[in-house]
Amino acid sequence: MREVAELAGVSIATVSAVFTGKSWVSPDTDAEVRRAAGQLGYEPRVRKTAAPPPREPRMVGFVSWGSDMSTGASPYFAPVLAGAQQACAELRLSISFETVDPEAGELPLCVQRGEVSGLVVLSVGSDPGYLRRIHEAGVSCVLLEHAVKGLPMDFVRHDDEIGGYLATRHLLDLGHTNPPPAIITAKDRIAPAVERLAGYRRALAEYGLREEPSFVRRNDFSIETGYEQMAALLALPVRPSAVFCGNDESALGALNALRDHGVAVPEEMSVIGYDDIAMAAHASPALTTMAVDKELLGAQAVWHLVQRIQRPAMTSRDTRLGVMLVQRQSTAPARRS
């Protein structure tokens, strides 16, 4: 199959789709793959049709894309996984955890082995084609913190646009308007970052303020890049007096940068984070942040998944969980000159 794919100039998954009769393959691609197969003398193996998954699930999978921020060791996703595990225990379900690399082309092992009838999938930028293959394997999915169009899957996420709006309004209401607050966010492939940035922009617009391009800093939601982007803000000719960090880990890095540069928080710079991870309350100073119910996120995904397994044809549901401001010691009214 790999040789056929190379000769035809397509992926191995497309070759498989041609010989299993998937409807989404175009006629031209189908013809090119079959021409390459004939040239190489390739004949696909005939496989027995897999039995349909049971309607009453016994095991579900919790799958994440392989990155540091979406594993069981993450201070954000660890409680999400714990919430999913608790919901499974209450429903008498087993749960498996697996990290995957969609670019490698391999479906999760739990899907390949037919061990699960449903997956909770968390991601910072999932591939719709990869998710379609999982769906075509007869496995129901609920997606965490992101959504895709055109597939019968459920989505569970926090109301991040509202969260970004409330975080920014908090800083504006404290008088940080001239200049306006900065934001340390992430690249657009991270769906929650897009929503939080939209909320930031809406809050500025309501105050009649224009976004300052140099105040919109991009990182990867890590402590290290939070430090780097705060240092870059401090190096500007005119620096902000308040910063909204798109997650708590980047906010912790920002606090470290401010400490190293001798900038007092919150007297000279107010900082607000997002997620309310366990470390936020123990930062120095304690971090003001937007609290999200991480355990509920995981549990809600499992509850939706059980329903979708039982009714796989129902329409997609997009469930948004509420967020709440937790004010601590890292934000304060702006100094008046």
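Observations on the model:
- Among the DSSP helices (H) of the chain, those spanning at least 24 angstrom by Cα along their long axis with an average Kyte-Doolittle hydropathy of -0.5 or more are 294-310; this is a geometric and hydropathy rule only.
- Panel values: region 185-337, Kirkwood radius from alpha carbon pairs, Stokes-Einstein at 37 °C and 0.692 mPa s, translational diffusion coefficient 194 µm²/s.
- Length, then width, then depth: along the principal axes, the Cα atoms of region 126-225 run 55, 27, 20 Å.
- Placing unit charges on the Cβ atoms of the charged side chains and taking the dipole of the chain about its Cα centre, the candidate lying farthest along the positive direction among ALA191, SER241, ALA299 is ALA299.
- Relative packing of 97-110, 175-188, 211-224, 314-327, which averages over residues the other C-beta atoms within 10 Å, highest first: 175-188, 211-224, 97-110, 314-327
- Solvent exposure ordering (accessible area, 1.4 Å, most first) of HIS135, HIS282: HIS282, HIS135
- Amide hydrogen neighbours beyond the local backbone of THR99, cut-off 5 Å, H modeled: SER64
- Gyration tensor (alpha-carbon) shape descriptor, region 135-181, a/c threshold 1.5: prolate
- Cα-centre dipole for the chain with unit charges at Cβ (Lys and Arg positive, Asp and Glu negative), debye to 20: 720
- Evaluated over the Cα positions of the chain, the convex hull gives a direction-averaged projected area, one quarter of its surface, of 19.7 nm².
- The aspartates and glutamates within cross-link reach of LYS294, meaning a Cα-to-Cα straight distance under 12 Å and a gap of 8 or more places when in the same chain, are GLU145, ASP275, ASP276.
- Accessible carbon and sulfur surface of region 248-337 relative to its total accessible area, %, 1.4 Å: 51
The values are calculated or read from the model by the stated rules, or taken from the named source; none is laboratory data. In this text, all values refer to a predicted model and were calculated from it rather than measured experimentally. With ideal geometry, Cβ positions are generated from the backbone for all residues, glycine too; neighbour counts draw on all protein chains shown. Ligands, DNA and RNA are stripped out before the accessible areas are found, and what is left, the full protein with its side chains, is counted by its heavy atoms. Shrake-Rupley method; radii C 1.70, N 1.55, O 1.52, S 1.80 Å.
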